[in-house]
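The values are calculated or read from the model by the stated rules, or taken from the named source; none is laboratory data. Owing to the predicted nature of the structure, the values given are computational and were not obtained by experimental measurement. Cβ placement follows ideal geometry from the backbone for every residue including glycine, while neighbour counts extend to all protein chains displayed.
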Ligand SMILES: Cc1cc2nc3c(=O)[nH]c(=O)nc-3n(C[C@H](O)[C@H](O)[C@H](O)COP(=O)(O)OP(=O)(O)OC[C@H]3O[C@@H](n4cnc5c(N)ncnc54)[C@H](O)[C@@H]3O)c2cc1C
Ligand SMILES: Nc1ncnc2c1ncn2[C@@H]1O[C@H](COP(=O)(O)O)[C@@H](O)[C@H]1O
């Protein structure tokens, strides 16, 4: 089918990931969307996928996909692709997604496009938009040579939308054999994260190298709490060991799109911008008037973060009558 | 323990990388190059493992002649030798073309472990290592933020969305390192001197048994159609803090009805 678009459905922390639903919503607008769901998943997973536009779901709940990385899923997906020949298959640009696309593109000798921000089906092929080089460019690419086009999609590229389809599930046989059980997940360790999560936050207060130390993130936390938001950081702050990697925003961290993004002592490197630039309203505080961040801000204050932020906190408290 | 590290030499971080509108590729010729910091981390990890378990570290890189400077840097850090695939025929390779070249070069070497950086700092596709693993017929063990070897078993802490996974496999594998895994050492004078005498083996694609239609622009499945700039965001108002900066932000938030 020339407009058959598959989405690899990802489950993280026992939930279908937001990016999966974003991709499905887009796929069901651009063509006929179907999903592949492998490994243990919550009871309502298939229904959630159908609600976001999946006309059909290929499903195996076998734990081999959870307990052994990459190889079993590649075996199953490669078989399904060869049988049904979708025009496009979308994967989230996540840990698991990248491993699968790498292996599938080599196995099917079809190549792949990574870091995709948007795509259209065109003349039996696909044309993808890629925010390249830390989103300082916006290029388009295609894949030649036939076969299913594999795309790795950036999170937050599309709006998740309800587009309910009747539930249709086809059970597929689980991949089996010792040769696939080579990369064993022995343990999953979840680092406890407090407060609202970055991914869904409507307001994000983010800190950079100019914060000078771990202790000063407390002030950002206080501001974020007052605004009902979450705290993020640049890679400079993460690499310095002040905050955990889960808080990193940017090319090699999370992609976020809140209503309000408050950048505190962040210079605005392309790799950081590429993870937050599409936020609705950006506010920044930086002592350097030439900081690139100001060019992307709706409102900027040239000043010392250690003066401006405490005053902002006091002011919000005052206005909230606290 | 024979370790192969795949690492890229890229335009230095001080260089703003541009895309040449004519070739639609990154402009690499004539700009200062350095060992990709991500690759330096991968080399560092290889060195630490051989310091503990014995063995050699061989750097494999595909790149233009300017790459030599970065290769020397890896050798000065302590890598044993290097392989440089240097050939105009490989220019314009896509990820899979690059992986075919790297896999062919690796096959010429004895190896127990291949280390790649999760992603390169310039193109950051992050899929070349997985493609190399498939082409070598060995498993990918990815996103390591810690690596331990015990006999022929490798155990890693694999970065995950909410923390990390403990993942185990038998060698040989392709392992990929994340940026925080270590702090790469700086080459010392002794290392820099020693590096001058170390071997850099140079191959063309043909010498690796790859035909011209498999690699480079000719072999690329991915074709860049257009190169452009994203729409510029309209910059807003910027004020200088004269003691009221925090209040002014509060006013702005109030205008947006956030507070
Ligand atoms: C491959 C690759 C991937 C990357 N991925 C990411 C990523 O995912 N996310 C990311 O963030 N970065 C990433 N980076 C790093 C990125 O290039 C920058 O180095 C980083 O974003 C800089 O962080 P920063 O703005 O906190 O620090 P800096 O650039 O050092 O900026 C600090 C800012 O603080 C200001 N400042 C200092 N003191 C004060 C004060 N008292 N009051 C007010 N302002 C003050 C300074 O004027 C300066 O503008 C990546 C880099 C590479 C090569
Ligand atoms: N030209 C190259 N030479 C050597 N290694 C490479 C090359 N391209 C990619 N790699 C390896 O693959 C990793 C991921 O690269 P990328 O897919 O570009 O993000 C790099 O960190 C290297 O380990």
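Is it true that some residue in the range B:161-175 is within 16 Å of ligand 2 (Cβ to nearest atom), under 28 Å from residue A:246 (Cα atoms), in contact with a helix residue (DSSP H, G or I) (Cβ under 8 Å, 6 or more places away or on another chain) and in contact (Cβ under 8 Å) with a residue 40 or more places away in the chain? The answer is yes, given that some residue of the range B:161-175 is within 16 Å of ligand 2 (Cβ to nearest atom), under 28 Å from residue A:246 (Cα atoms), in contact with a helix residue (DSSP H, G or I) (Cβ under 8 Å, 6 or more places away or on another chain) and in contact (Cβ under 8 Å) with a residue 40 or more places away in the chain. Going by what's in this entry, would residue A:114 be described as within 22 Å of the chain's Cα centre (by Cα), over 23 Å from residue A:76 (Cβ atoms), facing chain B (nearest Cβ under 7 Å) and part of a strand (DSSP E or B)? Criteria not met by residue A:114. Among the residues of the range B:102-122, not one is within 8 Å of ligand 2 (Cβ to nearest atom) and either over 22 Å from residue B:37 (Cα atoms) or more than 15 Å from the chain's Cα centre (by Cα) (or both).
Taking the range A:164-190, which residues are within 28 Å of residue B:169 (Cβ to Cβ) and assigned to a loop (DSSP other than H, G, I, E, B)? Answer for the range A:164-190, where residues must be within 28 Å of residue B:169 (Cβ to Cβ) and assigned to a loop (DSSP other than H, G, I, E, B): A:172, A:173, A:174, A:175, A:176, A:177, A:181, A:182, A:183.
With respect to (1) more than 17 Å from the chain's Cα centre (by Cα); (2) within 16 Å of ligand 1 (Cβ to nearest atom); (3) at pLDDT 95 or above; (4) within 13 Å of chain B (Cβ to nearest Cβ), the lone exception for residue A:258 is condition (1). Apart from one condition, residue B:99 fits all of (1) more than 14 Å from chain A (Cβ to nearest Cβ); (2) within 13 Å of ligand 2 (Cβ to nearest atom); (3) more than 20 Å from residue B:186 (Cβ to Cβ); the exception is (1).
Applying the selection to the range A:191-220, what residues are surrounded by 18 or more Cβ atoms within 10 Å (Cβ to Cβ) and either modelled with pLDDT of 95 or more or not in a loop (DSSP other than H, G, I, E, B) (or both)? Residues satisfying the conditions are A:203, A:204, A:205, A:206, A:207, A:208, A:210, A:211, A:216, A:217, A:219, A:220. Every condition in (1) farther than 15 Å from residue A:205 by Cβ; (2) at the interface with chain B (Cβ under 7 Å from one of its Cβ atoms); (3) surrounded by 22 or more Cβ atoms within 10 Å (Cβ to Cβ) holds for residue A:299 except the one numbered (1).
Of the residues examined, residue A:244 is one that is more than 16 Å from ligand 2 (Cβ to nearest atom) and either within 9 Å of another protein chain (Cβ to nearest Cβ) or surrounded by fewer than 17 Cβ atoms within 10 Å (Cβ to Cβ) (or both).
Residues in the range A:229-242 that are away from ligand 1 (no atom under 11 Å from the Cβ) and at pLDDT below 95: A:241 only. I'm trying to understand the selection: among the residues of the range B:140-160, which are touching a helix residue (DSSP H, G or I) at 6+ places or on another chain (Cβ under 7 Å), away from ligand 2 (no atom under 16 Å from the Cβ) and farther than 14 Å from residue B:45 by Cα? Matches in the range B:140-160: B:160 only. When the residues of the range A:269-279 are filtered to those that are in contact with a strand residue (DSSP E or B) (Cβ under 7 Å, 6 or more places away or on another chain) and in a loop (DSSP other than H, G, I, E, B), the one that is farthest from ligand 2 (Cβ to nearest atom) is A:279.
Does at least one position in the range A:43-63 carry a residue that is surrounded by 18 or more Cβ atoms within 10 Å (Cβ to Cβ), closer than 28 Å to residue B:141 by Cβ and within 14 Å of chain B (Cβ to nearest Cβ)? No, because not a single residue in the range A:43-63 is surrounded by 18 or more Cβ atoms within 10 Å (Cβ to Cβ), closer than 28 Å to residue B:141 by Cβ and within 14 Å of chain B (Cβ to nearest Cβ).
Looking only at the range B:68-86, residues that are at negative phi and part of a loop (DSSP other than H, G, I, E, B) come to 3 in all. Taken together, A:125, A:157 contain a single residue that is modelled with pLDDT under 95 and in the same structural domain as residue A:12 (by TED's automatic domain parsing), which is A:125.
Of the strands (runs of 3 or more DSSP E) that lie entirely inside the range B:1-67, those containing 3 or more residues that are touching a strand residue (DSSP E or B) at 6+ places or on another chain (Cβ under 8 Å) and farther than 15 Å from residue B:174 by Cβ span B:9-11, B:33-35, B:56-62.
Of all residues in the range B:97-134, those that are more than 16 Å from ligand 1 (Cβ to nearest atom) and either in a helix (DSSP H, G or I) or at pLDDT below 95 (or both) total 16. Those strands (runs of 3 or more DSSP E) of the range B:169-259 in which 2 or more residues are surrounded by fewer than 20 Cβ atoms within 10 Å (Cβ to Cβ) and more than 14 Å from chain A (Cβ to nearest Cβ) occupy B:200-203.
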